[in-house]
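The next block holds one structure in the form of structure tokens; read it before the comments.
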Amino acid sequence: MQQQQRPTNSRNQITLRGSTKIIVEFFEYCINSLLFQRGLYAPEYFKMTKKYGLNMLVTNDPEVKSHMREILKQVEAWLMACKVEKLILAIKSKETMTVLERWQFDIHNTKDLSSNFSATTTTSTDPFSRPLAGQESISTTATSSLSSPSKPKPEKTEKEIQTEIQAILRQITASVSFLPMLDEKCTWTILCQTEKDAEVPATWSDADPHLVHNAEQVKLRSFSTNLHKIDALVAYRLNDDL
Amino acid sequence: MSSPTSDPDLVRRFMNRPIHSPSTGGSNPGGAAVVRTPFGEKKPSSTVTPTTPSRLGPGSAFQPTWSGPENASPAMSLVGQYANASNRSPAATAGEQDQENQYPSSRIRTRTIEPDEYESTRKKLRDTQYELSSTKTELERKIVTMEQAARESDILKRKLMARVDSLESDRRFLYEQEKSLTKKVQTLEEDSIHSKTASNEIIKNLRDENMSIKDRLSQLQEESREKQSELTQRVRTLTASLNHQQQTLAETQDSSHSQSSLVAEKHQKLAEALDRIMELEDQNRQLKLNTRGMEDVVRVQKELQNQVAYIKQLEGTNRQLTAECKHLKDTYRNVEVLKEEKLSLEQKLKLMDDLRVKCGKFEVQNGVLLKEKEQWAAFLEKSDRTDFNSPYELAKTVATLRGDKTALMEVRDEFQEALKARDAYIEQVEQQLSELKTRLVEQEEICSKQSSIARRHEMTKDFALRQVESLKEQLKSYDMEEVQLMGGTYENQKNIRIEQLEKLIQECQSKLESMAATANRATEESSVGSAATLALLQTIQDQSSVSFNKLSAEKQALVESKLALHNELELLRKENASLDAKVLEHEIAIGAGAFNPAVSRVLEIKDSPAARYQAIRQQMLDALKEENAALLQSLTDLQQQQPSGHIFGQQQSAFGDHEVALQDKNVVPIASYNRLLGDFKRLQEEFADNDKRSKRLKQSWTLKADEFLDAVRSLLGYKVNFLDNGRVELISVYNAEEQQSFVFTSGQNDEGTMQLVGSGSQKYMEEHKESFDHWVNQLGSIPAFLSRVTLDLVEQQAHQLREEQQQHDQHPPHYRLFQSLADDDDTQNSDMMVDP
């Protein structure tokens, strides 16, 4: 049995690597695109490249580039260890340091999801925690109903994934039309929500979750590889006087 | 060694030659006897040299051919001599020879022939010889003339050939020279173009550099000026504020000084006045002593009065001032008190602010709690139990309700089970009932059957009795017959038989009776069974009515429990809705960034842009705080120095200015300088950033501008150079020379129109003067003029190309050169068209 499992394990490893690569690449282009579209840097900081069949703008500022590379390297490590839950791009006002926009990318591990949740459902016996357990069980049924048909589903081709990514990037580009104008000077930061037991290098530290107050939120499209599912969501601060 | 017989052939051949030669025109007289010169013309071979025919006489023309037969044999030498003797007339000899050649043996034989015959033959021979010689000479003359003509044509030909050669060599030389010259010209042109482009590029680069350096310089100058002004402004504002403070200080000092000085002055004046009074009194005394006239006294008295009044006035003012001073002191004290009060109030205010913040927080909390409570209440509204005070109670009731519910559920389950059991029992009973009913029916059927059988039996019995009667009568009749007919013997036998029959009848009767009895018994039994079943039914009915009552009660209970359950369901539905709302809320919270800290953690890279910016701001804030503290310190120092100045009073005031000058040194604390330095550094960084940005912008602009110029050049056919003073130079891409350009300048007041102001070369300008007049001066369109020029140039080029092609067609050897030139031209053109 073990001998039979080994090749599938190694194959999983390979697909995990491939999936991680796809996701990290997506993050790179997506964050770059957001930095351009939300006007965090001047347009001359970017140059155009062709990716996913779209014209993507990628920064050519060496400082920003190296910073991004450092972040994505760590994200990749966490993805390989399946420890990362969310990646968040927070856009803050320079003047008041309040969070104006929060681009959140939920990362779900679609392969070992069902086993995790079944463990949590069995432990809930306290009557007062029943609502919570019920909620969870609802989500598990939802996810299991999602994942169970996906199991016999044939594996996705790279082209399909690319099409999904293209759609999500298009939607992000289009979302600029409904987001409020950022008419003050802004800065940005990237947050990573990981599991409690993730290994954290010295360059990273625990941080404020950068909540958006008085937030309006819009769910964006999602895309999935054979191992991961990425849900995108943008929460933005509504103007107080509106 | 040729045989004599072959001679005539040879002669014929030789004689045939001149006949053939004119027709061939010396092109190829003998086939193999012609060789080609290196130049290509045909020359006769050396074996038949052109000079030999002229040197040979008509007689010796055959010498070479005759040499063979002469040396052939002794016999032939005789003939030869004879031939020589007769050679006086060439014709005769020729004929003779011919004949001799033809018939040598017969001639030897002719010596024996008679002289007449001989004579006649000789005559004949001579005639023939003569004829022969005449024709021969004629032929030879012809040959000679022909040969001469051939020679002449040869010479002519050779001359022509020589000329052709010389011309050819000349041509070749010229061609070489031309080639080398064109090459040189080409290289020179290329060199010049290269050097021009290089120099142009250098000039352009230098100009650009110059511009950029100038820009940079001006920017830097401006920047530095701005910085300087800013700094000076800052210093000025700071010193101004300081001055202002000092001024206010001085003013307050002055006011107190002035007041004290006023008081001192008054005192002095008072002392002076007293002195004067003393003096005047002395004078008075003296005057009194002197007793000089009353006028003086009166005057003195008047003066005295005046003085006294003045003194009184002074004393009044003095009193007033002291009162005022006292009042001021009081007020000052009051002010102090007020200041303290103010400070305390400020503190209180601060506390109040804190309280307010706290209050705000509490309000928010209260709002949240109220919301929560509302949620709780909303959940509980319709169950008419809104009197919960705490969630604990609520939870408790919920828990109890849950317990009740589970108990009720159990009860319900029990009831359901009981119901089920009842149902089963009823079913069983009903089944029994139906069974019994069927049995009853069966029994009844059997009964009716039995009765019918009994009836039949009775009928058969009656029938049998009647039979018996008839039989008895028969028997009687028979007996009578017997008695009458036979008498006695048969009687016994007959009696036995009768007895037997009677027995049989009796048996039958008994059997019938038994059967009737059984039938009766059966009917009796059936009646008894029906009664039993009836009793059974009665009991069953009783039982069922009891159970029905029981069941209806149960049903009632179940309905009640159902209602309760329904209520519970409603409750749960409501709970579900509230939970859904909660889920939505949670989702929103998660969307806004909330997370469960027990399970996961949010991480951020330390060196993020936001963190960097925050650090800078923190640094700025720290520097400002430090500066503020230092400034406050210096202010308190100044304030401390001031009261000490008060003590020393006026003496100190003399040194006041000096002190201020000394204090100036400490007025600007080091912290503010540090902050300014930090600001400066930050501004410098910002400046560098801006510089980088502007550089990037410039790069992209130049790229765009180049692209634009390229597009203009490839679409409109003009290379555009922007010169100084807003002038624009246009060079057509079809121009061979760089100088052939038009220079435009924008019209007066820069209204968007252009004027032609000059050209790279005057000649070029003059060339296009006509079309300029037409298109620009008459029709007023510069683009049309430029297009005209482009069209002209293109046509010119095409024409040139065509001409060159024609030339090339005329001179095939030139083809390659032309082709190569044309190719070069083409490539150049295409290069110019496509790429700079």
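The values are calculated or read from the model by the stated rules, or taken from the named source; none is laboratory data. None of these values were measured; they are calculated from a predicted model. A quick note on method: Cβ atoms are made from the backbone with ideal geometry, for glycine too, and the neighbour counts reach across all protein chains shown. Surface areas here come from the heavy atoms of the whole protein model, side chains and all, with no ligands, DNA or RNA. Shrake-Rupley method; radii C 1.70, N 1.55, O 1.52, S 1.80 Å.
At-a-glance table
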quantity: Gain in span if fully extended, B:E481 to B:V235, counting 0.36 nm per residue against the direct Cα distance; calculated: 69.8 nm
quantity: Cut-off under 5 Å, modelled amide H: who pairs with B:K719 long-range; calculated: B:I731, B:S732, B:V733
quantity: Within 10 Å of each Cβ in B:584-593, the average number of Cβ atoms from other chains; calculated: 6
quantity: In Å², nearest 10: area of B:V337 left accessible to a 1.4 Å probe; calculated: 80
quantity: Around B:E324: net Lys/Arg minus Asp/Glu count, Cβ-Cβ under 14 Å; calculated: +3
quantity: Cross-link reach list, lysines versus B:K157, counting only Cα pairs under 16 Å and skipping chain neighbours closer than eight places; calculated: B:K42, B:K43
quantity: Proximal lysines relative to B:K136, as straight alpha-carbon distance under 26 Å, when same-chain residues fewer than 8 apart are discounted; calculated: B:K123, B:K124
quantity: Solvent-free Debye scattering, log10 I(q)/I(0), computed from the Cα coordinates of the range B:199-355 at q = 0.10, 0.12, 0.19 Å⁻¹; calculated: -0.76, -0.87, -1.16
quantity: With all protein chains modelled, accessible area of B:T400 [1.4 Å, Å²]; calculated: 70
quantity: Neighbouring partner chain Cβ atoms per residue of A:85-94, average, 10 Å criterion; calculated: 3
quantity: Fraction in percent of alpha-carbon pairs per bin - 10 Å, the range B:218-258; calculated: 29, 26, 20, 15, 8, 2
quantity: Links that overshoot a 22 Å alpha carbon limit, given the list A:K185/B:K692; B:K449/B:K472; A:K51/A:K219; calculated: B:K449/B:K472; A:K51/A:K219
quantity: Globularity ratio of the range B:142-225, using Cα Rg and 2.2 N^0.38 Å; calculated: 2.97
quantity: Pairs beyond 28 Å (Cα-Cα), from A:K159/B:K606; B:K179/B:K719; B:K214/B:K681; A:K65/A:K111; A:K65/B:K204; calculated: A:K159/B:K606; B:K179/B:K719; A:K65/A:K111; A:K65/B:K204
quantity: Built amide H within the under 5 Å cut-off of B:S741, gap 5+; calculated: B:G760, B:S761
quantity: Equivalent ellipsoid semi-axes, the range B:428-574, via Cα gyration tensor eigenvalues times 5, rooted, Å; calculated: 76, 11, 9
quantity: Net charge of neighbours whose Cβ lies under 14 Å from the Cβ of A:Q37, counting Lys and Arg as +1 and Asp and Glu as -1; calculated: +1
quantity: Exercise: per-residue mean of other protein chain Cβ atoms within 10 Å, A:181-191; calculated: 3
quantity: Value of Rg/Rh across the range A:182-228 [Cα atoms, Kirkwood radius]; calculated: 1.03
quantity: Spin-label pair B:A535/B:Q796, simplified geometry with 7 Å Cα→Cβ offset, distance in nm; calculated: 14.9
quantity: Ranking by accessible area, most exposed first, for A:H67, B:H267 with a 1.4 Å probe; calculated: B:H267, A:H67
quantity: Qualifying aspartates and glutamates (Cα of each under 20 Å from Cα of B:K302; at least 8 residues distant if same chain); calculated: B:E272, B:D275, B:E279, B:E281, B:D282, B:E315
quantity: Per-pair calculated FRET efficiency, R0 = 22 Å: B:E346 and B:K326 via Cβ, rounded to 0.05; calculated: 0.15
quantity: For B:A271, net neighbour charge (Lys/Arg +1, Asp/Glu -1) across residues whose Cβ lies under 13 Å away; calculated: -2
quantity: Over the range B:552-641, equivalent-ellipsoid semi-axes from the Cα gyration tensor in Å; calculated: 68, 21, 9
quantity: Solvent accessible area, Å² - A:Y41, 1.4 Å probe, full protein context; calculated: 50
